[in-house]
Amino acid sequence: MWIIEAGIARRPGEPAEGLLVFDLLLTFRDDAGPGVVNALNKAMDSHLIGADHPSNLQLASYALPLAARSTGEVEQLRRRAAGVSGVAKARAFFFRDMREDLGWLDDAIEERVKATAG
């Protein structure tokens, strides 16, 4: 079995080398209709890694997991999503490797708290 991401074929469990995996966080306008999620999925084409359907577009943001070959392509995808009717805002979020020790996050929070406290 093969997985196709951003036009690159790989076997499940193999690293997605050469790909930037990110979440596109979307918020919707008040007048967004129920078809906006399907339009987004279609617009993202082969870059789409997964999809969900929010129950209420106005109550939450929608995170769309995508893969791209470059930061330029990430920006192209962000702009394409922002151009879909009903989308109010589209922002790309990259994440760190989740297999790593996340102690760095606790340290960063502690530093920020100390800095703001005095």
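A few comments on the model shown:
- Among the residues of this structure, S85 does not count as one that is at pLDDT below 80, polar (S, T, N, Q) and over 24 Å from L19 (Cα atoms).
- All positions within segment 68-88 that are in contact with a strand residue (DSSP E or B) (Cβ under 7 Å, 6 or more places away or on another chain) and under 13 Å from V36 (Cα atoms): A81, A82, G86, V87, A88
- Filter pass, G50 being modelled with pLDDT under 90, closer than 18 Å to A92 by Cα and exposed (fewer than 12 other Cβ atoms within 10 Å of the Cβ): yes
The values are calculated or read from the model by the stated rules, or taken from the named source; none is laboratory data. No experiment lies behind these values; they were computed from the predicted model shown. With ideal geometry, Cβ positions are generated from the backbone for all residues, glycine too; neighbour counts draw on all protein chains shown.
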